[in-house]
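Report on the following structure.
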Amino acid sequence: MELYKRLVLEEGYKVGVWGLGYIGLSTAAYLAQRGVRCVGCDVNAERVGSVQRGEHFMPGMDYWLGFDLKPLVEDGHIEATTNWRDLIHPKVLVPFIGVPTERDNAPYYEYLEDVITKIAPLGVLDAEHPPLIIVESTLTPNTTDKVIIPLLEKAGLTVGEDVLLGVAPRRDWFLDSDKNLTYLDRIYGGYDQETADYMQEVLGIVCQKLHRAQDHRHAEIVKSVENAYRHMEITLANQLALAYPSLDMIEILRLVGTKWNVGTFRPGIGTGGYCIPLSSKYVLQGAEAPDALTLLQETIRTDDQMPTHIGDIFAQWGCRNVGVLGISYKGDIKVPRVSRSAQVAQGLAARGIGVALHDPYFTAAEVEEGWGLEHFEFPGDIERFDGLLVAADHREYTKAMWDELSGKLANCRLIIDNCGIWKDVDFKRHGIRYMEPGTKNWLAVEPVHAMADILKQS
């Protein structure tokens, strides 16, 4: 059996996981299920406590993993702590790093720098088996060379001798159990080929489809580039919807997608979440010639403007009180990063329009603290709004039956459904304008109807 694989499976060595979010916890869970002992660290004591109890504390994690954490915790294959010093031990052979690398919608590396500084002492604890650091976080190209390696060298370590270093960014789709660490194609690259060999051993304990990049530099850019491609394609869909508002661009793009070599996306309120809206910025920041990336620059600009376009529609329809359903960028996960729906809500509030947010995965306190807005009850409070934005396809919304909602929408004049989850409801019969971004005449305002209602309310 290969060296590092044997050490973690048979010789009592452990994997250390820095950060116990979706990425870190799933790394520990899958490795533990295969017999590897893992110890994870996170600064969030509540999160650590949940892991110690064997709980799937993040929405959708139980479905995505497909197995329980509790037996793995009870038999000692998963440990969790807030004390990072517990991971600085000669038996912690393979540190995985899955900490956030963004803040305020921009690349941010203070957490990564902190972890690397704390990990460095591992390089002098076992001369025979140097630690194998695997970075899973999404990185700006050249971060390894400009941030990580200098910090290790500053600690007196020689990369490739005292410490082994590689990059293996994560690809995940948390709502599909077939798209997980076992089955998804995964890219990895090491500082040198020996490191890459050891990475293949460890990653291969779980991953069935591994692809080796030339080195760590090539591996670290892949995640950002692939997401930048998606970012441009999504933004093109939005630009087309804005350029041809009298046509049903959703249907057009569906037909375009029937061509064997074209993949399409639906227009929407803008891209959100951890990866896509940030990756274009990562690619630009790390580029040797960023001015050449004009398409990415325009992508970012257009994407950032989409929440304003959506707010304009509510304002033009004379909406006085808007309810926003969904903070996460997609259904049934709790991800506040780059929430375009929250940006729509904040923009409406800045115009003097009443607005409130609902998301089943966020508390009222979290909404108030995160965005300075009110959290309303669904469906109980829905009757107070004359405009609704359905931003995420949470199961709670898709299961909401028309019979349950119809009596509460007497005041509603406009529904913008970012996901199309209510498209089969005949809202027109009830005097409600329903639209999906990109459908025919989605930007059109019915001035007579709208102004009559405004005057009636004045």
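Read the figures in this text as sums done on the coordinates, not as results from a lab. From a predicted model like this one, the values you see are computed outputs, not experimental measurements. Glycine gets a Cβ as well: all are built from the backbone with ideal geometry, and neighbour counts include every protein chain shown.
Among the GluC sites (Glu not before Pro) within the stretch 247-347, those in coil by DSSP and having at most 16 neighbouring Cβ atoms inside 10 Å are Glu288. Helix 216-243 and the long axis of the chain differ in direction by around 10°, with both axes built from C-alpha atoms.
If you scale each eigenvalue of the Cα gyration tensor by 5 and take the root, what three semi-axes come out for the stretch 303-457, rounded to whole angstrom and sorted largest first? Could you put the intermediate results ahead of the total?
Details: eigenvalues 99, 62, 46 Å².
Values for the stretch 303-457, descending: 22, 18, 15 Å.
When a/c is below 1.5 the answer is rounded, else prolate if a/b is larger than b/c, else oblate, so apply that to the stretch 3-220 with a ≥ b ≥ c taken from the square roots of the Cα gyration tensor eigenvalues. Judged from the Cα gyration tensor, the stretch 3-220 comes out rounded (a/c under 1.5).
Seen against the Cα atoms of the chain and their longest principal axis, helix 447-457 is set at about 90 degrees. Coordinate range of the alpha-carbon atoms in the stretch 1-77 per principal axis, descending: 37, 26, 21 Å. Within the shell defined by Cβ-Cβ distances under 10 Å, the residues around Asn321 carry a net charge of +1, with Lys and Arg each +1 and Asp and Glu each -1. From the cross-link list Lys70/Lys399; Lys70/Lys209; Lys146/Lys281; Lys281/Lys440; Lys14/Lys118, which pairs have alpha carbons spaced over 23 Å apart? Flagged as over cut-off: Lys70/Lys399; Lys70/Lys209; Lys281/Lys440.
Full extension from Lys91 to Arg384: what is 0.36 nm times the residue separation minus their Cα-Cα distance, to one decimal in nm? Spell out each step's value before the answer.
Working: separation 293, 0.36 × 293 = 105.48 nm, distance 5.90 nm.
Contour length minus Cα-Cα distance gives 99.6 nm.
Of the Cα atoms belonging to the stretch 390-435, the radius of gyration and Dmax stand at 10.0, 26 Å.
Would you please give the FRET efficiency between Glu369 and Tyr183, computed as 1/(1 + (r/R0)^6) with r the Cβ-Cβ distance and R0 = 25 Å, to the nearest 0.05?
With R0 = 25 Å, the Cβ-Cβ based efficiency is 0.10.
Which of rounded, prolate or oblate describes the stretch 48-105 when judged by the alpha-carbon gyration tensor and an a/c cut-off of 1.5? Oblate is the answer for the stretch 48-105, as a/c is 1.5 or above yet b/c matches or exceeds a/b.
Rounded, prolate or oblate: which fits the stretch 100-180 when a ≥ b ≥ c are the square roots of the eigenvalues of the alpha-carbon gyration tensor, with rounded for a/c under 1.5 and prolate only if a/b beats b/c? Don't skip to the answer; put the middle values down first.
Values: a/c = 2.60, a/b = 1.51, b/c = 1.72.
Here the stretch 100-180 falls in the oblate category.
May I ask you to order 152-163, 334-345, 124-135 by the average number of other C-beta atoms within 10 Å around their residues, highest value first? It would help to have the intermediate numbers written out before the result.
Numbers: 152-163: 16.1, 334-345: 22.8, 124-135: 19.1.
Sorting 152-163, 334-345, 124-135 by mean packing, highest first, produces 334-345, 124-135, 152-163.
Around the amide H of Val17, modelled in the peptide plane, lie the amide H atoms of Val39, Gly40, Cys41, Phe96, all under 5 Å away and 5 or more residues distant in sequence or on another chain. Extension gain for Lys440 to Asp75 (0.36 nm times residue separation, less C-alpha to C-alpha distance): 125.6 nm. Against the chain, whose longest principal axis comes from its Cα atoms, helix 110-119 is set at around 20 degrees. Packing, taken as the mean count of other beta carbons within 10 Å per residue, orders the peptides 41-51, 365-375 from highest to lowest as 41-51, 365-375. Set against the labelled values (i) 0.95; (ii) 1.41; (iii) 1.08, Cα Rg over 2.2 N^0.38 Å computed from this structure falls on (iii).
How large is the Kirkwood hydrodynamic radius of the stretch 196-240, counting all unique pairs of alpha carbons, in Å? Please list the in-between numbers first.
On the way: mean 1/r = 0.0791 Å⁻¹.
Averaging 1/r across every pair of different Cα atoms and inverting gives 12.6 Å.
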